[in-house]
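A.B. asks: So that we are looking at the same thing, I have put the structure below in structure tokens.
A short reminder: the numbers here are calculations on the coordinates, not readings from a lab. Here the structure is a predicted model, which is why all the values come from computation and not from measurement. Glycine gets a Cβ as well: all are built from the backbone with ideal geometry, and neighbour counts include every protein chain shown.
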2 protein chains.
Amino acid sequence: MQEEILKEVTVKTPSKIVLLVIDGVGGIPVEGRTELEAAHRPNLDRLASEGICGLTDPVYPGITPGSGPGHLALFGYDPLRYEIGRGVLEALGIGMELAPGEVVARANFATLDQEGLVLDRRAGRIPTERNEELCRRLQREIQEVEGVRVEIRPGREHRFVVKFSGEGLDDRIADTDPQKEGLPPRPPSALAPEAERTAKAVEAFLQRAHQVLNGEEPANGVLMRGFSRLPDIPSMEELFKLTPACIASYPMYRGLAKLVGMEVLEVGETIAEEFAALKRHFQDFDFFYLHVKKTDSFGEDGNFSAKVQVIEEVDRHIPQLLELEPEVIVVTADHSTPSALKGHSWHPNPFLLRSPYERRDDVDRFTEAACARGALGRFRAVEAMTMMLAAALKMKKFGA
Amino acid sequence: MQEEILKEVTVKTPSKIVLLVIDGVGGIPVEGRTELEAAHRPNLDRLASEGICGLTDPVYPGITPGSGPGHLALFGYDPLRYEIGRGVLEALGIGMELAPGEVVARANFATLDQEGLVLDRRAGRIPTERNEELCRRLQREIQEVEGVRVEIRPGREHRFVVKFSGEGLDDRIADTDPQKEGLPPRPPSALAPEAERTAKAVEAFLQRAHQVLNGEEPANGVLMRGFSRLPDIPSMEELFKLTPACIASYPMYRGLAKLVGMEVLEVGETIAEEFAALKRHFQDFDFFYLHVKKTDSFGEDGNFSAKVQVIEEVDRHIPQLLELEPEVIVVTADHSTPSALKGHSWHPNPFLLRSPYERRDDVDRFTEAACARGALGRFRAVEAMTMMLAAALKMKKFGA
């Protein structure tokens, strides 16, 4: 959908939309039932029977999305058009602040042999505490290279993030990770003339880092990849005239929400705290993105029954959501995470939309199979935003 | 769908297609039933049970279309690609002829105060008769400005249309309507260098018009907006090899049909007269667009039962349509107009297609909910044209 048209047809109104994302909720059957089918979910079923249902393809049929594209689509942004670089996503994932123009990359601690060839790309997956210690040391020794500021932040095990700040930086830099043991690290070559200066700064950083880590064992090397910058993305306010808020406890989702201009609310770790934050801030915003993480985490672990329990926990909180009486409630996911597959998958997401201005269908259960028979049919997740806006009466007529 | 491909695969055959558009027929439930569900519609149900059904999004999910985009899509033109300007649509709506290159704008009679500020953008909604009188006077006094011919035609109340004809005109002219009272009218500025000459002509027209209206009360001013030209749009003959006819009693729909090269048939005001015209001309064309207006009008009025009665009236004429034995019958709408919302809406349109060469599904009622379970699923209205052509065996194989 063209941005000019969206800006033209959307209107600011007091009506409220709650988008509840149960991360990775969809599954495939294990002994005949998916996690949703196995869960006791009277309140989600009530929403389904009062609303209209369907299935969404997060990006494109058959495509398994990462969290970035899966969420961008739900926020109304075509994930094939707006790509979020790996470095940026990693930075968001550890809660690092990013400003336009800054270049960021994922980095690994690695083991190099005496000839400088890569012996182990992950330095034996050193413990996170060791990683934190080494990052502190690197940051102490390296604050600037070639007039470019450097910020270093540890992740888990061998992973960390490096951010470069300064004038005229460019992210078109080749990965230095050779992806195979037995090869030397590659140079951080500029992939466009405009990136020459950045490439020199990265090269200087790597030289200094290798000096600092000299003699260190096993983490005596650094490999970098996924150089990227914040994408140039219009805000939800600009496109949809929304005043949106994010209720999510994990940094990556908070970072994704910030990317599209949501206000990120302070919230604790639990689902109960997330619903409490929704109630507390309900008067202050007109769009709420509430993210439940643990369905995805337990799906990734292959833990069917723990995923079922999280669904049941969400279900118990639905009456609190109904008490707030938002005009539009949507319950869906950014992608499926079947515990049978122990990872994200391409399977379409169950989707329900409840609004006094929307039709109903005869779906009375919130499961994959029931939603597949819903009146919304199967559609692209990116189309959900205009449907939510319409059902909240936040859209004018297009054309005369 | 690319035009080159369409031109390549369509073939001329004697088979006939009837596209029956029941304007705004879809609704949302009022006391549990939509207008279609409440109507007695044995013949529409028969068509549904003999055909294959689905739901269409006129433009894009959640987008509420005006009549222009809604119809263009049904005629096989992507409404996000072919936009019809406001001035053009207003001109079509009052039955004004338009030639390529002519520039047309909507105009209001307005009230200006002594300093020339807008006191009332609509001149107190003067009666249509007064409007007609003032338009006659303006036309008598102003036939040409700066070598550009001027044609003035009254609409309803304070609204009229001004058409500029001549060489090298351009529609990139800013609105002069300031959209707010208390401000002066804006100048008709050129928004591109190529529009300078047109801007001068419009300015001269406005000066002359204000001289003519001087001392008039309350309509002593003119505000203009929506400068536009006929879009550059290939004909249905060119794209689809059809010889199409339009059966519609309202000027706007007749104008839209002419825009895509349909022959507009003379027809009376009633549904009976429309079906009689179809019978009379059935041998002369291979595609018929038959438009029923009053479902939309009563939907806009919020008159549920009157809308139901129009549906029943259409239903009673279906046997006449069947007697003609067209190969393809499609019944659908350009958009929904739920009487509960008193206006156009985004809700998908029920759609049925009946052809001896098409599959059937088990839908046996022509309602929104029944069509939602149809074998065609939910699709974009622009895709209906190639489906109709295919079901009339008017399409060759694409690729070897």
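A.B. asks: Tell me which residues come under 5 Å, amide H to amide H, from A:V264 once H is placed; ignore anything under 5 positions away on its chain.
C.D. replies: A:C246
A.B. asks: Using 7 Å Cα-to-Cβ label points, what is the B:Q320/B:E266 separation (nm, one decimal)?
C.D. replies: Calculated label separation equals 1.8 nm.
A.B. asks: Here's another thing I want to ask about it. Once amide H atoms are placed 1.01 Å from N in the peptide plane, what residues at a sequence separation of 5 or more from B:R378, or on another chain, have their amide H within under 5 Å of its amide H?
C.D. replies: It is A:R378, B:L55, by chain and number.
A.B. asks: Measuring nothing but label to label, 7 Å from Cα along Cα→Cβ, what are B:R140's distances to the other copies in nm, shortest first?
C.D. replies: Copy-to-copy label distances at B:R140, shortest first: 9.6 nm.
A.B. asks: Where both residues lie in the protein assembly as shown, what percent of DSSP beta bridges are antiparallel, nearest 5?
C.D. replies: 60 percent
A.B. asks: Continuing with the same structure: Between B:K180 and A:R186, how high is the FRET efficiency from 1/(1 + (r/R0)^6) when r is the Cβ-Cβ distance and R₀ = 45 Å? Nearest 0.05.
C.D. replies: Efficiency for this residue pair is about 0.15.
A.B. asks: Further question: Which pairs in the list A:K307/A:K396; A:K396/B:K307; B:K241/B:K279 are over 29 Å apart, alpha-carbon to alpha-carbon?
C.D. replies: A:K307/A:K396, as the Cα separations exceed 29 Å there.
A.B. asks: I've got another one for you. Longest segment of chain B with no chymotrypsin sites (Phe, Trp or Tyr not before Pro) in a DSSP loop having at most 12 other Cβ atoms within 10 Å?
C.D. replies: B:1-356
A.B. asks: Name all residues of the stretch B:243-263 having a backbone nitrogen under 11 Å from the label point set 7 Å from the Cα of B:S297 along its Cα→Cβ direction, giving them as ranges.
C.D. replies: Those under the cut-off are B:249-251.
A.B. asks: Could you please rank B:C371, B:C246, placing first whichever residue has the fewest other Cβ atoms within 10 Å of its Cβ?
C.D. replies: Least to most surrounded, the residues fall as B:C246, B:C371.
A.B. asks: Something else now. Neighbouring Cβ atoms within 10 Å as the yardstick, rank B:D171, A:D362 fewest first.
C.D. replies: A:D362, B:D171
A.B. asks: Quick one: what are the phi-derived ³J(HN,Hα) couplings along the stretch B:357-365, Karplus 6.51/-1.76/1.60 with θ = phi - 60°, whole Hz, x for glycine and proline?
C.D. replies: In residue order, the calculated couplings are 9, 10, 5, 10, 10, 9, 6, 10, 9 Hz.
A.B. asks: Can you list residues from other chains, or at least 5 along the same chain, whose modelled amide H is less than 5 Å from the amide H of B:F287?
C.D. replies: B:I17, B:T243, B:A245
A.B. asks: State the answer as a single residue: which of B:Q114, B:Q207, A:A73 lies farthest towards the positive end of the charge dipole of the protein assembly as shown, with beta carbon charges of +1 for Lys and Arg and -1 for Asp and Glu, about the Cα centre.
C.D. replies: The listed residue farthest towards the positive side: A:A73.
A.B. asks: For chain A, take the longest principal axis of its alpha carbons; what is the angle in degrees between that and the long axis of helix A:196-213, to the nearest 10 within 0 to 90?
C.D. replies: For helix A:196-213, the angle is close to 70 degrees.
A.B. asks: Another question, if that's okay. Where in the stretch B:1-90 are there GluC sites (Glu not before Pro) that are in a DSSP coil and have at most 14 other Cβ atoms within 10 angstrom of their Cβ?
C.D. replies: Answer in residue order: B:E31.
A.B. asks: Let me ask something else. Compute the label-point distances linking A:G101 to its equivalents in the other copies; points lie 7 Å from Cα along Cα→Cβ; give nm, one decimal, shortest first.
C.D. replies: Between copies, matching label points for A:G101 lie 5.1 nm apart.
A.B. asks: A follow-up question, please. Can you tell me the 0 to 90 degree angle between the C-alpha axis of helix B:271-280 and the longest principal axis of chain B, rounded to 10?
C.D. replies: 70 degrees
A.B. asks: Relative to the Cα centre, what is the charge dipole magnitude of chain B, using +1 at the beta carbon of each Lys and Arg, -1 at the beta carbon of each Asp and Glu, and rounding to the nearest 20 debye? Intermediate results must be reported in sequence, preceding the final value.
C.D. replies: On the way: 49 positive and 63 negative charges, 65 e Å.
Computed charge dipole of chain B: roughly 320 debye.
A.B. asks: Positive end of the charge dipole of the stretch A:333-399 (Lys, Arg +1 and Asp, Glu -1 on Cβ, about the Cα centre): tell me which of A:T386, A:N349, A:G399 has its Cα farthest that way.
C.D. replies: Going by the charge dipole, the pick is A:G399.
A.B. asks: Just grab the label-to-label distance for A:A372 and B:R125, each label 7 Å out from Cα along the Cβ direction, in nm (one decimal).
C.D. replies: The two pseudo-label positions are separated by 5.3 nm.
A.B. asks: Could I ask something else about it? Rounded to whole Å and sorted largest first, what semi-axes of the equivalent ellipsoid does the C-alpha gyration tensor of the protein assembly as shown yield via the square root of 5 times each eigenvalue?
C.D. replies: Ellipsoid half-lengths, sorted descending, are 55, 35, 26 Å.
A.B. asks: Give the percent of DSSP beta bridges with both residues in chain B that are antiparallel, rounded to the nearest 5.
C.D. replies: Just about 60 percent of them are antiparallel.
A.B. asks: Excluding residues fewer than 8 places away in the same chain, name every one of the aspartates and glutamates whose C-alpha is closer than 15 Å to that of B:K7.
C.D. replies: Counting by Cα, and skipping residues close in sequence, B:K7 has these aspartates and glutamates nearby: B:E237, B:E238.
A.B. asks: At B:S165, label 7 Å along Cα→Cβ: distances to the other copies, nm, ascending?
C.D. replies: Ordered by distance, the counterparts are at 6.6 nm.
A.B. asks: Here's another thing I want to ask about it. Which residues does the label zone of A:E237 cover in the stretch A:267-293, counting backbone N under 19 Å from a point 7 Å along Cα→Cβ?
C.D. replies: So the set is A:281-289.
A.B. asks: Quick one: in chain A, whose Cβ comes closest to the A/B rotation axis, and how close in angstrom?
C.D. replies: Looking at chain A's Cβ atoms against the axis toward B, the nearest is A:G377, 3.
A.B. asks: Express in whole angstrom the spacing between the alpha-carbon centres of the stretch A:165-180 and the stretch B:190-251.
C.D. replies: 54 Å
A.B. asks: Taking other Cβ within 10 Å of each residue's Cβ, how do A:D170, B:D23 sort, fewest first?
C.D. replies: Working: A:D170 19, B:D23 25.
Arranged by neighbour count, lowest to highest, A:D170, B:D23 become A:D170, B:D23.
A.B. asks: May I ask you to evaluate 6.51 cos²θ - 1.76 cosθ + 1.60, the Karplus curve with θ = phi - 60°, for each residue of the stretch A:49-61 and list the ³J(HN,Hα) values in order in whole Hz, giving x for glycine and proline?
C.D. replies: Ordered by residue, 3J(HN,Hα) equals 6, 8, x, 10, 10, x, 10, 10, 8, x, 10, 5, x Hz.
A.B. asks: Related question: Read phi for every residue in the stretch B:142-149 and hand back ³J(HN,Hα) as whole Hz from Karplus 6.51 cos²θ - 1.76 cosθ + 1.60, θ = phi - 60°, with x for Gly and Pro.
C.D. replies: Residue by residue, the stretch B:142-149 yields 10, 10, 8, 9, 6, x, 10, 6 Hz.
A.B. asks: Does the stretch A:1-62 come out rounded, prolate or oblate by the C-alpha gyration tensor, with a ≥ b ≥ c the root eigenvalues, rounded set by a/c under 1.5 and, if not, prolate when a/b is larger than b/c and oblate if not?
C.D. replies: oblate
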